[in-house]
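What follows is a short report on a single structure.
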Amino acid sequence: MPRITPARAPITSPAAATLFELVLTQGPLSRVEATRRTGLSSAAVTKAFRPFIEAGYLEELASGERTGPGAGRPASPLAICPDREFFVGVKITGDDLIGVMTDLRTEVRSSRHHALAGHGVEHVVAAVAELVAELLNSGDYRERSHCLGVALSGDVDRESGTVRYSPFLGWRDVPLADLLEDATGLTVTLENDVKALTMAEQWFGDGVGASTFAVVTVGAGIGSGLVVNGGLVSGAHGVAGEIGHVPVSQAGPLCHCGGTGCVEAIASTQAIVDAARTTTGNPDLTIEQAVETARAGDERIGEIFGRAGHAIGLGLAALVNLFGPQKVVVSGEGVASFDLLETRLRAAFAAQAFGSAAHCDILLRPLPFEEWARGAAAVAVQSLFTP
Ligand SMILES: [Zn+2]
């Protein structure tokens with residue numbers, strides 16, 4: 001496919017990027033309010049906003065339309081023009097693809113699910129391209145769409161667009177961004193899925209207004225995204241926040257990462273299923289059956305979930321003790337069985353959280369997979385104004 005030259009938001013300086021992000025996530029906002037929040041001079045604010053208005057990314061609302069903070073002066077607030085550009089976000093799991101078409105504010109306009117028939121690189125690239133084409137054709141989006149964000153679990157190098165290691169796909173060192181650019185013609189940004197979800201939460205979810213917070217996901221894998229002083233921590237080597245591989249039991253079990261007694265080795269969906277199969281002697285037991293059996297009062301299966309909750313609680317305590325977030329959002333498909341995890345999770349957390357770090361709010365949020373795809377779209381939006 002011919003590559004489409006991406007429209008770039010007119011970012012000319014880090015200050016312009018900061019201002020644009022401010023209006024994007026917290027607007028509409030008056031120039032006075034933007035000046036107050038950023039500490040920039042009002043002349044600098046006016047100068048930075050002008051190219052965005054000229055390029056159609058921002059518009060001045062009539063003062064009567066104002067809805068944001070900064071009331072009092074009849075200055076026209078600035079608002080995002082959500083239809084200026086559209087974005088595709090795709091989350092890849094081991095079983096399926098979830099895609100969304102969003103506007104500039106990452107409001108979802110349409111979404112699609114496709115089952116993934118295999119894990120071969122060529123197959124996945126073709127399947128993503130097909131999904132993207134379907135989304136672009138689901139409305140009047142094609143002309144104004146240039147960017148695709150893709151999120152998947154594992155060790156993902158955003159800078160080079162490479163999947164360094166994906167346990168669920170069995171991939172190592174796959175230049176996925178380049179392959180998808182060739183297949184779709186869009187500019188592609190890759191990100192680890194938990195980091196993408198964290199970005200969406202930071203901009204539009206529970207993280208709004210919190211300068212330091214974390215998202216922890218529990219399910220097939222256990223991961224976390226960390227925001228410290230307003231910035232997503234990406235790690236010097238692209239790895240950070242791997243709460244799933246915090247060791248919490250020297251007694252084991254062994255983890256697929258090569259470590260021993262990692263949180264993930266005890267509390268991932270597969271770890272719970274494996275333990276439940278061993279306990280019951282039923283090699284075909286599913287996670288749904290394990291949940292059902294535990295809820296029906298089976299103490300042996302209940303104990304497996306309890307141990308998982310305990311391991312997650314210790315991991316959360318380690319996270320909170322290390323960087324002191326205001327809140328931790330716990331999400332992922334594993335929260336569907338949170339009732340079985342919660343007592344031991346909170347007890348382990350309370351026992352190990354150090355001093356005031358224990359005041360951190362642990363919030364439970366069963367976010368659907370669309371939200372992860374939306375996170376991928378948010379990463380694509382962010383790529384627009386990374387100076
Ligand atoms: Zn591990």
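The values are calculated or read from the model by the stated rules, or taken from the named source; none is laboratory data. These numbers were taken from a predicted model, which means no experiment stands behind them. All Cβ positions, even for glycine, are placed from backbone atoms using ideal geometry, and neighbour counts span all protein chains on display. Please note that ligands, DNA and RNA were not included when accessible areas were found on the heavy atoms of the full protein model with its side chains. Shrake-Rupley method; radii C 1.70, N 1.55, O 1.52, S 1.80 Å.
From 342, 333, grab the single residue that is within 21 Å of the chain's Cα centre (by Cα) and of a type in the set (D, E, K, R).
So the residue among 342, 333 that is within 21 Å of the chain's Cα centre (by Cα) and of a type in the set (D, E, K, R) is 333.
Name the single residue, out of those in the range 224-244 being more than 27 Å from residue 17 (Cβ to Cβ) and open to solvent by less than 20 Å² (accessible area, probe 1.4 Å), that is nearest to the ligand (Cβ to nearest atom).
Result: 244.
When you scan the range 92-181 for strands (runs of 3 or more DSSP E) that lie fully inside it, which ones turn up with 2 or more residues that are crowded, with 19+ Cβ neighbours inside 10 Å?
Where strands (runs of 3 or more DSSP E) fall fully within the range 92-181 and carry at least 2 residues being crowded, with 19+ Cβ neighbours inside 10 Å, they are 96-102, 145-152, 155-157, 162-166, 171-174.
Out of 386, 343, I need the residue that is at pLDDT below 90 and either farther than 26 Å from residue 253 by Cα or open to solvent by 50 Å² or more (accessible area, probe 1.4 Å) (or both). Which one?
386
Report, by residue number, each residue of the range 221-241 that is part of a loop (DSSP other than H, G, I, E, B) and touching a Gly at 6+ places or on another chain (Cβ under 7 Å).
Matches in the range 221-241: 221, 233, 241.
What residue, of 151, 129, 117, 177, is closer than 23 Å to residue 384 by Cα, out of contact with any strand residue (DSSP E or B) (no Cβ under 8 Å at 6 or more places or on another chain) and of a type in the set (Gly, Ala, Ser)?
129
Scan the range 179-194 and give yes if some residue there is of a type outside the set (Ser, Thr, Tyr), more than 14 Å from the ligand (Cβ to nearest atom) and free of Cβ contacts under 8 Å to residues at least 24 places away in the same chain, otherwise no.
For the range 179-194, residues of a type outside the set (Ser, Thr, Tyr), more than 14 Å from the ligand (Cβ to nearest atom) and free of Cβ contacts under 8 Å to residues at least 24 places away in the same chain: absent.
Mind checking which residues of the range 248-279 are within 12 Å of the ligand (Cβ to nearest atom) and crowded, with 17+ Cβ neighbours inside 10 Å?
Once the filter is applied, which keeps residues that are within 12 Å of the ligand (Cβ to nearest atom) and crowded, with 17+ Cβ neighbours inside 10 Å, the range 248-279 yields 248, 255, 261, 262, 263, 264, 265, 266, 267, 268, 271.
Within the range 280-299, how many residues are surrounded by 14 or more Cβ atoms within 10 Å (Cβ to Cβ) and either within 16 Å of the ligand (Cβ to nearest atom) or not aliphatic (A, V, I, L, M) (or both)?
So the answer is 5.
For a quick check of your reading of the model, give me the residue pairs whose first member lies in the range 242-258 and is part of a helix (DSSP H, G or I), whose second is near the ligand (Cβ under 7 Å from one of its atoms) and open to solvent by 70 Å² or more (accessible area, probe 1.4 Å), with beta-carbon atoms closer than 7 Å and at least 6 apart or on different chains.
So the pair list comes out as 245/257.
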